[in-house]
Amino acid sequence: MAGNNLKRADGLPPAMMRLVRELSRLPGVGEKTAARLAFNLLNRPRDEVIALAEALLEMKERIGLCSECFALADAPRCQICEDPEREHDVICVVEGPADLMAIERARSFGGTYHVLHGAVAPLDGVGPDDLKMKELLMRLEGPAAVREVIIATNATVEGEATALYLARLLKPLGVKTTRLARGLPAGGDLEYSDAATLSSALNNRREF
């Protein structure tokens, strides 16, 4: 419907219509919001618009996944995995890059991460093989000893199912496995949690 409305939009030049159409493809951005953003960009200085376009292209061309933890990176390994000051024998498992960023903002964790890029959701056709679980097991079987794995999946049905599945996988390996404490609201996402809540959850994590 959005595309049909744009075709009938009165007074919009084709270039503006195209921009509004592309912006409305973003999640959470409807046609009206896309139009406001388009007009805002139109009224900005040329150098600011060019800087935004260049930033988008650079992001698309340079950003990939860390070869070790699968976080976002612009090099073979991310900055956290490269940091010798981090505790490389502690791995915090999260669903996505946004969750990693949320924990980092809390400044209560000094270990490393493993990003699954999703959660087990059978109704949506997402199983363990669709996530970075095998890669996590490979890290645990590697030469570097890991003393603890913190499961920090979201407090949702899918997140809890993923946590239980991981706990069963890790138990035979003899690695200490903990889960974030219930400081996080049920049904909530790490991405939207405040720093104090995340800090409390990390400090009061429990063993499976």
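Derivation of every value follows stated rules applied to the coordinates shown; laboratory data play no part. Treat the numbers as computed from the prediction; the structure is a model and nothing was measured. So basically every Cβ, Gly included, is an ideal-geometry build from the backbone, and we count neighbours across all protein chains shown.
Taking Cα atoms of the range 142-208, Rg/Rh with Kirkwood Rh, to two decimals?
Checking Rg against Rh, the ratio lands at 1.00.
Lysine pairs, Cα distance under 25 Å, 8 or more residues apart or cross-chain: how many in the chain?
So the count of such lysine pairs works out to 6.
What is the packing order of peptides 87-94, 100-107, 200-207, taking the mean over residues of other C-beta atoms within 10 Å and listing the highest first?
Result, highest mean Cβ count within 10 Å first: 87-94, 100-107, 200-207.
Three principal axis extents, largest first, for the C-alpha atoms of the range 19-127, in Å?
Projected onto the principal axes, the Cα atoms of the range 19-127 cover 51, 40, 26 Å.
Against the longest alpha carbon principal axis of the chain, how many degrees, from 0 to 90 and to the nearest 10, is the axis of helix 97-106 turned?
Tilt relative to the chain: about 70 degrees.
Can you give me the long-range amide H partners of Y113? Hydrogens built in the peptide plane at 1.01 Å from N, cutoff under 5 Å, separation of 5 or more residues or another chain.
When sequence neighbours closer than 5 places are left aside, the close amide H contacts are C92.
Compute the acute angle (0 to 90°) between the alpha-carbon long axis of helix 14-23 and the principal axis of greatest extent of the alpha-carbon atoms of the chain; round to the nearest 10°.
20
Based only on the alpha carbon positions, what is the Kirkwood hydrodynamic radius of the range 77-207, in angstrom?
After inverting the mean inverse Cα-Cα distance, the result is 14.8 Å.
Under a no-solvent Debye model with one identical scatterer per Cα of the range 2-62, what's log10 I(q)/I(0) at q = 0.13 Å⁻¹?
For the requested q values the scattering log ratios are -0.37.
Through the Karplus equation 6.51 cos²θ - 1.76 cosθ + 1.60, θ set to phi - 60°, convert the phi angles of the range 174-186 into ³J(HN,Hα) values in whole Hz; use x for Gly and Pro.
So the Karplus estimates, Gly and Pro as x, are x, 8, 4, 10, 10, 10, 4, 5, 7, x, 8, x, 4 Hz.
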